[in-house]
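Student: Structure provided below as structure tokens; questions to follow.
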Amino acid sequence: MRRYLLHTFILLLFVIPAFAGSIFSEYSAEPQQDRVELKWITKSEIDADHFTVLRSNDSQNFIQLKTVNCKGPGTTYRYVDKDIVFKSVEPKYYKIKVFKKNGELLEETDTMIVHPSISGIFRTWGAIKALFR
């Protein structure tokens, strides 16, 4: 019995706090034709008030694209960045941050790198040009 209590205490002291603070259960940024879809799912939203979606061209200087209010744990959130047109092969970088009501940062995702997706029109035009070479 004593050993069981000791193991339970160690579990509560070290293991549970390591996982308790995490807001996100998963997140992703997927390129589509001239847009990027960001998706994230929460497992906890304790003290969370809102998310901000951020984009960067250089992975250093991020601009805020959208603020999304929290809806509760287990919610799947989506944001589509329609203000992006891939005119080069330069990647885009995204982050999602979670804030408390007082503006204090709770957590942020790792930087998500999105490489351009060549649109179907561009691929078709490339195929037509290849026929005449």
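Student: Would you mind ranking Val98, Val89 by Cβ crowding within 10 Å, fewest neighbours first?
Tutor: Numbers: Val98 22, Val89 8.
The order, fewest Cβ neighbours first, is Val89, Val98.
Student: Pull up all non-local amide H partners of Glu107: gap of 5 or more, or a different chain, and H-to-H distance under 5 Å with H placed in the peptide plane.
Tutor: Answer set, sorted by chain and number: Val98.
Student: Please list 39-47, 54-62 highest first by mean number of surrounding beta-carbon atoms within 10 Å per residue.
Tutor: Those peptides, ordered most packed to least, come out 39-47, 54-62.
Student: Counting other beta carbons within 10 Å of each Cβ, put His50, His115 in order, fewest first.
Tutor: Ranking His50, His115 by Cβ neighbours within 10 Å, fewest first, gives His115, His50.
Student: Between Ile46 and Thr67, what is the spin-label point distance in nm, taking each point 7 Å from the Cα along the Cα→C-beta axis?
Tutor: Taking the simple label geometry, Ile46 and Thr67 are separated by 2.5 nm.
Student: Determine, from the Cβ-Cβ distance of Gln32 and Thr75 and an R0 of 22 Å, the FRET efficiency 1/(1 + (r/R0)^6), rounded to the nearest 0.05.
Tutor: 0.50
Student: In addition: Order 32-38, 102-108 from most to least packed using the mean count of other Cβ atoms within 10 Å.
Tutor: Highest to lowest by the protection proxy: 32-38, 102-108.
Student: A further question on this structure: Given the pairs Lys71/Lys97; Lys43/Lys82; Lys66/Lys101, which span a C-alpha to C-alpha distance of over 22 angstrom in this model?
Tutor: Checking Cα-Cα distances, Lys43/Lys82 exceed 22 Å.
Each reported figure results from applying straightforward, stated rules to the coordinates on display, with no laboratory input. No experiment lies behind these values; they were computed from the predicted model shown. Virtual Cβ from ideal backbone geometry, glycine too; neighbours counted across all protein chains shown.
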